[in-house]
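Some notes on the structure that comes next.
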Amino acid sequence: MLGNILITGGASGLGRACALAVAKEGGRPLVVDVNPPDDGIDHVIADLADRADAERAVVELAERAGGLDGVVTAAGIDACGRLEDVPADTWERVVQVNLLGTASVVRAALPYLTASRGRIVTCASTLGVRAVSDATAYCASKFGVVGFTRALAAELAGQVGVTLLVPGGMRTHFFDDRAEQYKPGPDARLNQPEDVAATVVFALGQPEGCEIRELVVCPATETSWP
């Protein structure tokens, strides 16, 4: 039994796929998102760029559910373009949501996860280990998630399980708002988010003391890996 699993970004994309996968396995998904999920899942609306808002959402859901057994930080945004062309506020918001929002959620959840000896799965990206042009904000945030998670795993060893998820491109609405040159081409091979979510549930379901430290899940022809 997975128990109570808090999922950021759980209203769409990988987060929604994780919420549905958790429910299918008998767990209770608890969603934090800027939008409400459309399938009746217990949720709190919050902006992860606002630390106080993120902390409030975590505590509200944890108290409502009677604790947490896991956290999945699937929320993420990007801002494509050359550094000089992306407005500073837009650039910084990517880092605030993807990196600082991840840290805020994990920090707020730690008392509950320590009590339950639960698990954390953070979501980085193949662009968190390989940098490309016109993605300075996204790469900075996801490289940060990689470093944060590896340090967190060392810090919480023997107390809370920590897994770093490194996904490649997925067939979600993540690319919808991008300029055409930054969208995957018509022949791009992308993973289904449900397949990636299955690996998250696998990591969450490991017995205590068995750690899956890192998961790279990408299409066979992923251009940003290795």
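In the frame of its principal axes, the chain has Cα extents of 46, 36, 36 Å, reported largest first.
In this structure, the amide hydrogen of Cys218, modeled 1.01 Å from its nitrogen in the peptide plane, lies closer than 5 angstrom to those of Gly168, counting only residues at least 5 positions away or on a different chain. Angle of helix 193-204 to the longest C-alpha principal axis of the chain, folded into 0 to 90 degrees and rounded to 10: 40°. Per the 1.4 Å probe, what fraction of the accessible area of the stretch 97-226, in percent, lies on carbon and sulfur atoms? In the stretch 97-226, the share of accessible area belonging to carbon and sulfur is 56 percent.
To one decimal place, what Kirkwood hydrodynamic radius in Å is obtained for the stretch 173-226 from all pairs of distinct Cα atoms? That comes to 13.6 Å for the stretch 173-226.
Per-peptide packing, taken as the mean over residues of other Cβ atoms within 10 Å, places 6-18, 43-55 in the sequence 6-18, 43-55 from highest down. Of interest is the spacing of the C-alpha centroids, which for the stretch 1-76 and the stretch 176-205 amounts to 19 Å.
The values are calculated or read from the model by the stated rules, or taken from the named source; none is laboratory data. Remember, predicted model here, so these are calculated numbers, not experimental data. Every residue, glycine as well, gets a Cβ built from its backbone with ideal geometry; the counts of neighbours run over all protein chains shown. With ligands, DNA and RNA removed, areas are computed over all heavy atoms of the protein, side chains included. Shrake-Rupley method; radii C 1.70, N 1.55, O 1.52, S 1.80 Å.
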